[in-house]
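Some notes on the structure that comes next.
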Amino acid sequence: MKILVIAANFPSTSKPHNGIFVKNLLLEFVRLGHEVVVVSPQKIIGESLPKEVIENGYKVYRPKFMSFGNKDIVGLKTRLLSNLSFKLAVYFFVLRKQLYFDAIYSHFLFPSGATAVKLSKRSGRPAFCSLGESTFEAYEEVYSRKRIRKLLDSFSVVFPNSLDKTEFLARTYGEGLKMRYVPNGVNTDVFFAASQTDARKKLGLSQTAKIVLFVGGFIDRKGPLRVLAACERLHDVPDMVFIGEGPQRLEHPNIVFCGKAEQKELQLYLNAADVFVTPSRREGMPNALLEAMACSCRIVASDIPVHRELLEGYSPGILCDGEDPKSLSGAIQQMLACCHPSTPGEFKYSLKERAQAVLRGIETVL
């Protein structure tokens with residue numbers, strides 16, 4: 001099967017973490033014997049990327065489009081213009097290249113999903129979309145619910161990646177959507193439990209210190225500053241590792257690492273840490289949490305629906321009020337004080353199984 005993938009975010013040499021979850025899934029598609037072509041437009045104003053690259057068994061095209069940002073100018077939402085420019089750039093590029101494909105796969109509803117639907121109508125090939133958005137609020141600032149429902153109906157199948165998202169879609173946009181719940185997955189060849197002693201030795205970290213780990217964007221929704229504040233409340237402030245990037249500044253003498261990390265390095269940090277903390281306000285299906293579970297980490301997570309779904313039956317994980325410093329610090333202290341070995345049970349979220357489930361959903365339509 002030849003799959004055309006529309007991706008608004010996709011890794012490049014300068015931004016290897018950008019949309020890495022999409023790339024990892026496509027690698028599984030290729031390993032399972034399918035042909036993949038990616039169209040991931042780049043902004044006209046900004047870094048210039050190669051227009052065509054062959055890597056990892058698939059081809060990536062990067063036509064250019066004009067981004068108008070996300071502003072409201074006299075009632076005009078500039079995001080509409082950006083999405084339209086993205087859609088037209090992909091549409092005419094595919095026509096000009098005369099790309100052949102059996103199915104169109106996209107990730108996130110706008111602009112990738114809407115573009116996939118436009119190509120589907122032109123080519124007669126079915127369109128599919130994985131929905132991992134943490135919220136649809138930004139969409140509803142620009143599009144009506146009726147418009148969103150119409151777009152959702154245009155896909156042969158949509159793949160919400162959490163039970164909470166599946167229920168939300170039916171509740172908000174109406175019953176009868178062609179949905180198939182497929183949770184996110186982790187490459188267990190990369191993320192797995194290993195010796196804490198060895199991991200700390202490789203990273204140059206103390207063998208005796210307590211270490212708290214956060215992974216995610218340095219933004220308010222994800223909550224790295226809430227993790228820092230909770231750790232500062234503890235009688236013995238632990239060492240802290242913050243992996244990610246973003247506008248929030250994280251400063252404290254006990255921060256031993258702060259910045260981006262490649263996946264193999266991240267696996268070491270997950271095994272080196274005493275507790276992984278995620279106080280996020282909302283999530284679609286958090287890959288960072290799945291990666292922590294694959295490494296058998298002790299976990300403190302905010303009490304939101306998707307965290308409850310993932311941590312059900314996961315014994316070294318607890319939920320707390322991620323907005324309350326006292327609740328968060330108490331949960332961290334409880335996990336730091338735990339001296340029993342982790343017994344998380346069987347890990348259920350492999351990337352290979354996700355890829356197979358998505359492909360089965362596509363193949364039932366072809």
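Annotations
- Here Val5, Val90 are screened, and the one residue that is surrounded by 19 or more Cβ atoms within 10 Å (Cβ to Cβ), touching a helix residue (DSSP H, G or I) at 6+ places or on another chain (Cβ under 7 Å) and part of a strand (DSSP E or B) is Val5.
- Taken as a whole, the condition of being under 26 Å from Gly330 (Cβ atoms), among the hydroxyl-bearing types (Ser, Thr, Tyr) and either crowded, with 19+ Cβ neighbours inside 10 Å or without any contact (Cβ under 8 Å) to a residue 40 or more places away in the chain (or both) applies to Thr208.
- Residue within segment 263-280 that is over 20 Å from Glu232 (Cα atoms), in contact with a strand residue (DSSP E or B) (Cβ under 8 Å, 6 or more places away or on another chain) and open to solvent by 20 Å² or more (accessible area, probe 1.4 Å) present: no
- Looking only at residues in segment 53-70 that are part of a strand (DSSP E or B) and at pLDDT 90 or above, the one that is most open to solvent (accessible area, probe 1.4 Å) is Ile54.
- Checked against (1) at pLDDT 95 or above; (2) closer than 15 Å to Phe214 by Cβ; (3) charged (D, E, K, R); (4) surrounded by fewer than 19 Cβ atoms within 10 Å (Cβ to Cβ), Asp303 passes all but condition (2).
- Subset tally (residues that are touching a helix residue (DSSP H, G or I) at 6+ places or on another chain (Cβ under 8 Å) and farther than 14 Å from Pro126 by Cα) for segment 145-158: 3
- Within segment 220-229, the set of residues being assigned to a loop (DSSP other than H, G, I, E, B) and open to solvent by 30 Å² or more (accessible area, probe 1.4 Å) comprises Asp220, Arg221, Lys222.
- Here Gly217 meets the list (1) part of a loop (DSSP other than H, G, I, E, B); (2) in contact (Cβ under 8 Å) with a residue 60 or more places away in the chain; (3) touching an Asp or Glu at 6+ places or on another chain (Cβ under 8 Å) almost entirely, failing just condition (2).
The values are calculated or read from the model by the stated rules, or taken from the named source; none is laboratory data. The structure presented is a predicted model; accordingly, all values stated were derived computationally and were not measured. Backbone-built Cβ (ideal geometry, glycine too); neighbour counts: all protein chains shown. Side chains are part of the model used for accessible areas, which takes the heavy atoms of the whole protein and leaves out ligands, DNA and RNA. Shrake-Rupley method; radii C 1.70, N 1.55, O 1.52, S 1.80 Å.
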